[in-house]
Amino acid sequence: MPEERLQKILATAGIASRRKAEALILEGRVTVNGKVITELGSKADPETDHIKMDGRLIKQLDHFLYIALNKPDNVVSTASDPQRRTTVLDLLLGIRARVYPVGRLDYHSTGLILLTNDGEFANAVTAAKSHVTKTYLVKTKGQLTEEEEEKFRNGVPLSGKKTSPAGLRLIRRGDNPWYEVRLIEGRNQQIRTMFKHFGHLVEKLRRVRIGPVELGTLKPGEFRLLAPEEVKKMMRLAGAADPDEGQPRPRQRQQSKPQQDRPKPKPKAKKEERPRSVKRQ
């Protein structure tokens, strides 16, 4: 097998996303044949070289998992939490494979989040150049004016840099209106900060779609495996190689039965208001 960049090998093995794998290398936590590697351009052969992370031999995966989860409120979207709060991994009952979140949702934000052990998939979805659209339903205190809506769509200053153009559609009017927001980037608390820029606080925020993957009927805390076609569409949308083309890759594990009879995970999420569409004026 030809040599590959070390960070790609770590990502493919499900150790971490490629960006996180680069950090692990720079921290001196990765060795190849007993030698500590700290240079990001270093290459190795995963079939013949002994590659270790924190002293543990890295094994190549024999299958990939792609999971869609409806994250409840008061759950952190990280693999672990120093404050011992509930994480998205705590909700994956019955999943033994080591997976990690693809991107993040704020602690009080809810809705669709993807998890996988495929570093190439995670890197493709989260890379800034991929421009994978993420769709949210947002309830705010107070309604934007038409002029503010236009400024919102064109981008607002955030941490010294203007946000990328965004999609915005009012779907229910009122003192506490609901909006549909579409973003191609995912900066820290971006939607909340964008509305705050116009003097409006976000009361509720739920992500309902990432690229071709929809939240659908998943209840808070429930999850499902992505269909192979969903994975292919996502990779094509992100401009990445099709998992079934090129060099052989581990196969995706198929889900035999839907996640219906499993115990309800904790914590219990509060019932959210469902926005009702209104006709455009």
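The values are calculated or read from the model by the stated rules, or taken from the named source; none is laboratory data. Everything numeric in this text was worked out from a predicted model, so none of it was measured. We place every Cβ from the backbone using ideal geometry, glycine too, and count neighbours over all the protein chains shown.
Below, the figures for the structure above:
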read-out	value
Residues of segment 52-71 satisfying the condition of being touching a residue at least 60 places away in the same chain (Cβ under 8 Å) and over 30 Å from Arg209 (Cβ atoms)	Gln60, Asp62
Positions within segment 18-40 being touching a Leu at 6+ places or on another chain (Cβ under 9 Å) and of a type outside the set (A, V, I, L, M), in sequence order	Arg18, Lys20, Glu22, Thr38, Glu39
Any hit, segment 221-229, residues being of a type in the set (Lys, Arg) and either at pLDDT below 95 or in the same structural domain as Lys141 (by TED's automatic domain parsing) (or both)	no
So Gly239, is it crowded, with 16+ Cβ neighbours inside 10 Å and at positive phi	no
Residue list for segment 1-44, restricted to those being touching a helix residue (DSSP H, G or I) at 6+ places or on another chain (Cβ under 9 Å), at pLDDT 90 or above and acidic (Asp, Glu)	Glu22, Glu39
Of all residues making up segment 203-225, the number that are in contact with a Phe, Trp or Tyr (Cβ under 8 Å, 6 or more places away or on another chain) and surrounded by fewer than 21 Cβ atoms within 10 Å (Cβ to Cβ)	2
Arg182 vs. criteria surrounded by fewer than 16 Cβ atoms within 10 Å (Cβ to Cβ) and either touching a Pro at 6+ places or on another chain (Cβ under 6 Å) or of a type in the set (D, E, K, R) (or both)	yes
Any hit, segment 106-117, residues being of a type outside the set (A, V, I, L, M), in a loop (DSSP other than H, G, I, E, B), buried (at least 21 other Cβ atoms within 10 Å of the Cβ) and modelled with pLDDT of 95 or more	yes
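Here's the yes/no breakdown for (1) part of a helix (DSSP H, G or I); (2) of a type in the set (Gly, Ala, Ser); (3) closer than 30 Å to Ala13 by Cβ:
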residue: Asn123; (1), (2), (3): yes, no, yes
residue: Gly142; (1), (2), (3): no, yes, no
residue: Asn176; (1), (2), (3): no, no, no
residue: Tyr179; (1), (2), (3): no, no, no
residue: Arg182; (1), (2), (3): no, no, no
residue: Gly186; (1), (2), (3): no, yes, yes
residue: Met194; (1), (2), (3): yes, no, no
